[in-house]
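Enquirer: Take this structure, written in structure tokens, and hold onto it; I'll ask about it next.
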Amino acid sequence: MCMQGNFRGMAKNPAKFECVNAGNWADFSRKICLAETYSFWPGNNRITPFRKPSNYVNLPIMPNDGSQTPIELEKNYPAFLADIKIRIRAAQYEALRAANKELLSLYWDIGSQIIDRQEKEGWGKSVVERLSKDLQVEFSGVQGLSVRNLWNMRNFVAQYQNDPKLQPLAAEISWTHNVVIMERCKDPLEREYYIRMVKRHGWSKAVLVLKIESKDFERTMINQTNFDKSLPQNLNDEAKLAVKDDYMFGFLELAEQHKERELENAIIQRVGPFLREMGGAFTFVGNQFKLEVGDKEFFIDILLYHRKLKCLVAIELKVVEFMPEHLGKMQFYLAALDDVVREEGENPSIGILLCKAKDRLMVEYTLKDINRPIGVATYQVTDTLPEDLRGLLPGPEEIAKLLIDL
């Protein structure tokens, strides 16, 4: 009986494959794992080195109990390795979660004790400074025991101890993220938004700071869509969170005056940052996506897919101010996408019209008679922060309702 395989040290060329007597397979396997490159000639029980060909390739050494040939091992090993990697990463993640939970619990306890002593014994700043100094002497090299961080612990408890919603949510993100949100956001709903977004999208500290500085909360909450009447209730709130009122595209490095094709090309070249600014749940499908309707061809500027909504998202770019006729073309695109491209089980396609500027009242009137789900937004290609938008925010009850879906 002969067994053939792409053994360790054998060439990719099948003509170089060697034949091994099954009776000598176990011994051969042990020797070949220790040697460089060998040929085995059945009948003479002799293993002799042979010269490595130019297309020589090293394959991973895998344990073999004699039940599988190298070909079978090579076929099964990648799935085995992938499974082990998943298990290791899952264990690492759980370990980090457990460590973070213990750290936040410790900081909450320290902050609570500081507040308790301040209230009962009238301790002031000097005691916190002394406590920090003594702890750093006792636990040399341990981070997080500075005067500033002790005050952060105290403020963390003071601001969240009477908030039954935020307190458990804050325990699900890192201490560093909590400090940023606590220091930069004073409104409870705004804090809840950023806590949920960090948890959902895994924002780094730098990304979180950027989102807060660019008023991501306000720009999301004041978006203009017709989703209330064009989408079922189970999709409405999630869809509203998927569209912002204004997008910050400073990373595109475009001049203030530019053409639509220049804007599109810049987005395609920086598609990663573009998707992050869009919200994190989008994947890129294509640009100039072709639709064939009848004997004519039409092209959507950018086509995305929203993983949570499970729907296609058509994006049209306009380097001019919003005009009502822009939505007629978008309605046509969405109808064609649903009829020709949408797969079974996917939800209705959504459109986002990105304009250089818009009149909010004009957008509101235009969306009233549109039956396809569309949002109208503006974009900025400079780092200029938007004006104060808090006067345009919806009521607290509506915001709280939206945040439940994050």
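Read-outs: derived from the displayed coordinates by stated rules, not from any lab. Keep in mind that what you see is a predicted model, and the values were worked out from it rather than measured. A quick note on method: Cβ atoms are made from the backbone with ideal geometry, for glycine too, and the neighbour counts reach across all protein chains shown.
Enquirer: For each pair in Lys125/Lys205; Lys165/Lys186; Lys199/Lys308, compute the distance between the two Cα atoms and list the pairs where it is over 22 Å.
Expert: Lys125/Lys205
Enquirer: Search the structure for amide H atoms under 5 Å from the amide H of Leu291, placed 1.01 Å from N in the peptide plane, and list their residues when 5 or more places away or on another chain.
Expert: Phe298, Phe299, Ile300
Enquirer: Continuing with this model, one more query. Hey, can you rank 199-207, 78-86 by average C-beta count inside 10 Å, highest first?
Expert: Most protected by this proxy first, the peptides run 199-207, 78-86.
Enquirer: Right, next: Mind giving me the nanometre distance, one decimal, between the label points for Trp123 and Glu256, set 7 Å out from Cα along Cα→Cβ?
Expert: 5.5
Enquirer: Next question. Which residue, Cys185, Asn287, Ala242, has the largest displacement toward the positive end of the dipole of the range 173-326 when charges sit on each Cβ (Lys, Arg +1; Asp, Glu -1)?
Expert: Among Cys185, Asn287, Ala242, the one farthest towards the positive end of the dipole of the range 173-326 is Cys185.
Enquirer: Then there's this: Could you pull out the trypsin sites (Lys or Arg not before Pro) across the range 165-198 that fall in loop regions by DSSP (anything but H, G, I, E, B) with no more than 13 other Cβ atoms inside 10 Å?
Expert: Here the sparse-neighbourhood loop sites are Lys186.
Enquirer: Given H placed on each backbone N at 1.01 Å, which residues far from Tyr379 in sequence or on other chains put an amide H within less than 5 Å of it?
Expert: Hits under the 5 Å cutoff: Tyr247, Cys355.
Enquirer: From the convex hull of the Cα coordinates of the range 97-217, what is the mean projected area in square nanometres?
Expert: Computed as one quarter of the Cα hull surface, the answer is 8.0 nm².
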